[in-house]
Amino acid sequence: MTGLGVESGWLSEHLIRKTAHFLEYSLYGVLLWNCLGTYELRGKLRGVTFLWLAMLIPFVDETIQLFTEGRSGQISDVWLDCAGVAFGTILFAAAAWIVSRTGAKKRDKKLQNSTSV
């Protein structure tokens with residue numbers, strides 16, 4: 001596998017860096033969604049603001065790399081970062097929904113038990 005540069009570890013380093021970037025932007029998605037919640041942005045305004053910031057930050061990050069020697073901005077990295085934001089946000093939203101449903105069921109069960117006594 002000389003053509004892929006596996007001997008030098010290039011491929012594994014590349015995958016580690018891309019995975020780390022994806023996970024960093026996943027965390028960014030969670031933090032961004034929660035941050036917008038503290039400003040009490042609701043409905044479409046929250047969604048539109050989230051989408052703009054979710055696209056803007058990866059775009060700016062890759063654009064800055066164009067001015068750094070030895071680095072290059074890649075549109076594929078912008079898409080990877082945006083996918084990380086989406087993944088983190090969806091994962092967090094799903095976990096929050098599960099927790100809220102579980103809490104609601106426990107409250108309902110506790111309420112039902114207290115009224116039947």
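Among the residues of the range 92-114, how many are more than 21 Å from Y25 (Cβ to Cβ) and either modelled with pLDDT of 95 or more or in contact with a helix residue (DSSP H, G or I) (Cβ under 8 Å, 6 or more places away or on another chain) (or both)? Spell out the reasoning first.
Taking the range 92-114 as the starting set, the residues that turn out to be more than 21 Å from Y25 (Cβ to Cβ) are 97-114.
Pick out the ones that are also either modelled with pLDDT of 95 or more or in contact with a helix residue (DSSP H, G or I) (Cβ under 8 Å, 6 or more places away or on another chain) (or both) and you get none.
The number of residues fulfilling the criteria is 0.
Is it the case, given these coordinates, that V85 is of a type in the set (V, I, T) and within 16 Å of the chain's Cα centre (by Cα)? Steps first, please.
Numbers: of a type in the set (V, I, T): yes; within 16 Å of the chain's Cα centre (by Cα): yes.
The answer is yes for V85.
Quick test for you: out of T63, T89, pick the one residue that is in a helix (DSSP H, G or I), surrounded by 12 or more Cβ atoms within 10 Å (Cβ to Cβ), at pLDDT 90 or above and hydroxyl-bearing (S, T, Y).
On the way: T63 fails: surrounded by 12 or more Cβ atoms within 10 Å (Cβ to Cβ).
Of the residues listed, the single one that is in a helix (DSSP H, G or I), surrounded by 12 or more Cβ atoms within 10 Å (Cβ to Cβ), at pLDDT 90 or above and hydroxyl-bearing (S, T, Y) is T89.
Are any residues in the range 17-54 in contact with a Ser or Thr (Cβ under 9 Å, 6 or more places away or on another chain) and not in a helix (DSSP H, G or I), and if so, which ones?
Scanning the range 17-54 gives Y39, L41.
Run T38 past the list (1) surrounded by 11 or more Cβ atoms within 10 Å (Cβ to Cβ); (2) modelled with pLDDT under 90 and report the number of the one that doesn't hold.
(1)
Look through G47, G43 and report the one residue that is at positive phi and either hydrophobic (A, V, I, L, M, F, W, C) or without any contact (Cβ under 8 Å) to a residue 40 or more places away in the chain (or both). Walk me through how you get there before you give the answer.
Values: G47 fails: at positive phi.
Answer to the check: G43.
Residue-wise test of (1) in contact with a helix residue (DSSP H, G or I) (Cβ under 7 Å, 6 or more places away or on another chain); (2) closer than 18 Å to L91 by Cβ.
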{"residue": "L27", "(1), (2)": "yes, yes"}
{"residue": "V30", "(1), (2)": "yes, yes"}
{"residue": "N34", "(1), (2)": "no, yes"}
{"residue": "G47", "(1), (2)": "no, yes"}
{"residue": "A54", "(1), (2)": "yes, yes"}
{"residue": "V60", "(1), (2)": "no, no"}
{"residue": "T68", "(1), (2)": "no, no"}
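What's the total number of residues in the range 41-60 that are open to solvent by less than 50 Å² (accessible area, probe 1.4 Å) and under 17 Å from the mean Cα position of the chain (by Cα)? Outline the logic, then answer.
Initial filter on the range 41-60 (open to solvent by less than 50 Å² (accessible area, probe 1.4 Å)): 41, 46-47, 49-50, 54, 58.
With under 17 Å from the mean Cα position of the chain (by Cα) added as a condition, the list becomes 46-47, 49-50, 54, 58.
The number of residues fulfilling the criteria is 6.
Being open to solvent by less than 100 Å² (accessible area, probe 1.4 Å), part of a helix (DSSP H, G or I) and among the β-branched types (V, I, T) is the filter; apply it to the range 68-86 and report the residue that is modelled with the highest pLDDT.
V85
The values are calculated or read from the model by the stated rules, or taken from the named source; none is laboratory data. Given the structure is predicted, the values throughout are model-derived calculations rather than measurements. Glycine also receives a Cβ, built like all others from the backbone with ideal geometry; neighbour counts cover every protein chain displayed. When the accessible area is computed, the model is the full protein with side chains, heavy atoms only, and any ligands, DNA or RNA have been set aside. Shrake-Rupley method; radii C 1.70, N 1.55, O 1.52, S 1.80 Å.
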